[in-house]
1. Which of the residues spanning the stretch A:132-147 are in a helix (DSSP H, G or I) and in contact with a Leu (Cβ under 6 Å, 6 or more places away or on another chain)?
2. Name, by its number, the condition in (1) closer than 18 Å to A:Pro72 by Cα; (2) buried (at least 24 other Cβ atoms within 10 Å of the Cβ) that does not hold for A:Pro264.
3. Could we say that B:Gly57 is at the interface with chain A (Cβ under 9 Å from one of its Cβ atoms) and either modelled with pLDDT under 85 or in contact with a Ser or Thr (Cβ under 9 Å, 6 or more places away or on another chain) (or both) here?
4. For the stretch B:72-93, give me each residue that is β-branched (Val, Ile, Thr) and not in a strand (DSSP E or B).
5. Please count how many residues of the stretch A:215-258 are of a type in the set (Asp, Glu) and free of Cβ contacts under 8 Å to residues at least 40 places away in the same chain.
6. Taking the stretch A:174-190, which residues are closer than 20 Å to A:Pro329 by Cβ and without any contact (Cβ under 8 Å) to a residue 24 or more places away in the chain?
7. Which condition breaks for A:Phe162 when tested against (1) crowded, with 24+ Cβ neighbours inside 10 Å; (2) without any contact (Cβ under 8 Å) to a residue 60 or more places away in the chain?
8. Given the condition in contact with a Pro (Cβ under 9 Å, 6 or more places away or on another chain), crowded, with 24+ Cβ neighbours inside 10 Å, of a type in the set (S, T, N, Q) and not assigned by TED's automatic domain parsing to the domain that holds B:Ser68, answer yes or no: does some residue in the stretch B:214-225 qualify?
There are 2 protein chains.
Amino acid sequence: MPTLSEVARHAGVTPATVSNVLRNRGRVGATTRQRVLEAVEALGYRPHLAARALAEGRAPTLALMVSSIANPFYPEFALAVERAARTSGHFVIICNTNEDPHTGRAYLDQIAGTLSEGVLVTNANLDLADLHTTESRGTPVVLCMWERPNEPPGLPCVAVDFRRAGELAGAHLLELGHRRIGAIVGSKASGIHAARYEGFVDALRAGGAPKGRVKHAADTIQGGYEAARALLESDPKLTAIFVTNDLPALGAMHAAADLGLNVPTDLSVIGITDIQLARESRPALTTVAVPTVEVAGLAVSLLRELIESSYGQAGRPTTSVPMRIASPPELVVRASTGVPRSR
Amino acid sequence: MPTLSEVARHAGVTPATVSNVLRNRGRVGATTRQRVLEAVEALGYRPHLAARALAEGRAPTLALMVSSIANPFYPEFALAVERAARTSGHFVIICNTNEDPHTGRAYLDQIAGTLSEGVLVTNANLDLADLHTTESRGTPVVLCMWERPNEPPGLPCVAVDFRRAGELAGAHLLELGHRRIGAIVGSKASGIHAARYEGFVDALRAGGAPKGRVKHAADTIQGGYEAARALLESDPKLTAIFVTNDLPALGAMHAAADLGLNVPTDLSVIGITDIQLARESRPALTTVAVPTVEVAGLAVSLLRELIESSYGQAGRPTTSVPMRIASPPELVVRASTGVPRSR
């Protein structure tokens, strides 16, 4: 591979001039610029990114920490992040923590600040303390899907009002006439889906409906399947199930099918997020859509701002911790919800 | 962040000794080794990967080129690759080409040999010429899922006998008694699924069954849905559909549901691959399983061998192009295939 010096010799300029042309820096005349680009072309020169990263004290990638690449939400989100990052010439390293804080810490220690100049985190079950450590070493961190806009996490973040999502789902079921509604929460009681469930309970209270049974489950199709079977066996008169995430909601529909219940005639099911499978299931899943692409764009642009401003680096003045709030969630009515049979 | 020299000073040794301890190279006594590790711990030293990469002329990541991260097979494969790579301390950069050769070329130019010391390619619709260029610059390339073991691609690869997969699917349908079988091919006629379809046709021929209608479709749920509707409208007497991939097979089942056909009583559907959704669909999908985890492991270990041996680098003797062959595909019978009603 040709070196920068060879390009410079070929173009009859100094290596510094070649470097300036390639980075769009300094003053270079149009003719000289043209000559350098022709030499780059002629020799097939590729800038050595690792060398440039080292020289500039930065690396040209962003790291995206996800908790489970096997959950289809994360590839969808990764795709949106990758598209947003590529507009600024960044590549995305996807780090899959498999919901294990130790793996997450290993990725942070190995990648942050060396291979990547910034870190995006999506519900990766990481200790906030580990993320603060990364930040204090000078590598900005952005939480991508903070679920409680009113309770800032102390780290830069993009927030989505997930409590509102739960509220919309509950209000939709009440409006259809449901009064006996079960709930499946795809995390522990104190876990990341708690705000969604709180919003659902708010809606029940506002509508004067009783708070029904609730099951906590794994955030998977299988988890939703088992929880729905348990709910329907303990209360066969349920006419609807609210689920805090689309993936377990799909499992709840499978459980209904295996129990001989028609969705939505015998049982309405609603989820949250609007992953691609929600549109592609049979019946198609009613859900509360979260603005995934918008969140990815906001997260990447916030991270780039923090990188440019050397946010959080030792010796820099500490500014307030930024939070971007994405558009509110929206109800998407499809085929899995309807008027209860017994209405 | 502390430097290597500071660690050396703290431990009372030379920087070279620190380096040897951290890389498990050279001869270092047990006491000295212990002193260095204590200094690393005390100062919170992290090796600077980009610097090490530059010094050693290699980068510590592997790049995985996938054609569509939105297709759930690729996240599943990426997960398996990541697990295999982590055992040797490599991180995986996932590059999503979106089935666009230009994007693929951009990734190869920016990442291969600088950020990544090797490239894994899975059906990424890349020009073989671009991959040869990358290889000739000294960065090994491994094709992960070559579909024709008998026709080597001229690049190192892991091959799976996909013709055999199509044959097993066809034989299964014939054995159940189906004679009027449609086919959906998730690529162009000359595309990557051609071998699978050839195997299916082999089985029909061996069983003396007529070659039925075939539709080429997008390799998505929606693509399979549309193709199945078209097949069933043009030939309502079909009793089974063979699909070259699980994702469009799921779409074919949705089409049957929308047309009021019961699977498998009215229509049997079979796919190839055994992605997670195949197990999680209702009815669960009969498919021919491909050894995904094994292929990922073989691909990573082959790539590591090529990196260690400086395979393909200018001036090195050219050896024969290696190919690893994975275990043969296996039929997995679930609920979507059965005896035809009219038998």
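The values are calculated or read from the model by the stated rules, or taken from the named source; none is laboratory data. Keep in mind the model is a prediction, meaning the values are calculated, not measured. We place every Cβ from the backbone using ideal geometry, glycine too, and count neighbours over all the protein chains shown.
1. Initially, the stretch A:132-147 is screened for residues in a helix (DSSP H, G or I), giving A:132-136.
The one that is in a helix (DSSP H, G or I) and in contact with a Leu (Cβ under 6 Å, 6 or more places away or on another chain): A:Thr134.
2. With respect to (1) closer than 18 Å to A:Pro72 by Cα; (2) buried (at least 24 other Cβ atoms within 10 Å of the Cβ), A:Pro264 is out only on (1).
3. Details: at the interface with chain A (Cβ under 9 Å from one of its Cβ atoms): no; either modelled with pLDDT under 85 or in contact with a Ser or Thr (Cβ under 9 Å, 6 or more places away or on another chain) (or both): yes.
For B:Gly57, the condition - at the interface with chain A (Cβ under 9 Å from one of its Cβ atoms) and either modelled with pLDDT under 85 or in contact with a Ser or Thr (Cβ under 9 Å, 6 or more places away or on another chain) (or both) - is not met.
4. Here is the first cut: in the stretch B:72-93, the residues β-branched (Val, Ile, Thr) are B:81, B:87, B:92-93.
Once the filter is applied, which keeps residues that are β-branched (Val, Ile, Thr) and not in a strand (DSSP E or B), the stretch B:72-93 yields B:Val81, B:Thr87.
5. Step one: list which residues in the stretch A:215-258 are of a type in the set (Asp, Glu), which gives A:219, A:226, A:233, A:235, A:246, A:258.
From what's left, free of Cβ contacts under 8 Å to residues at least 40 places away in the same chain: A:226, A:233, A:258.
The number of residues fulfilling the criteria is 3.
6. Hit for the stretch A:174-190 is A:Glu175, nothing else.
7. All conditions pass for A:Phe162, except number (2).
8. no
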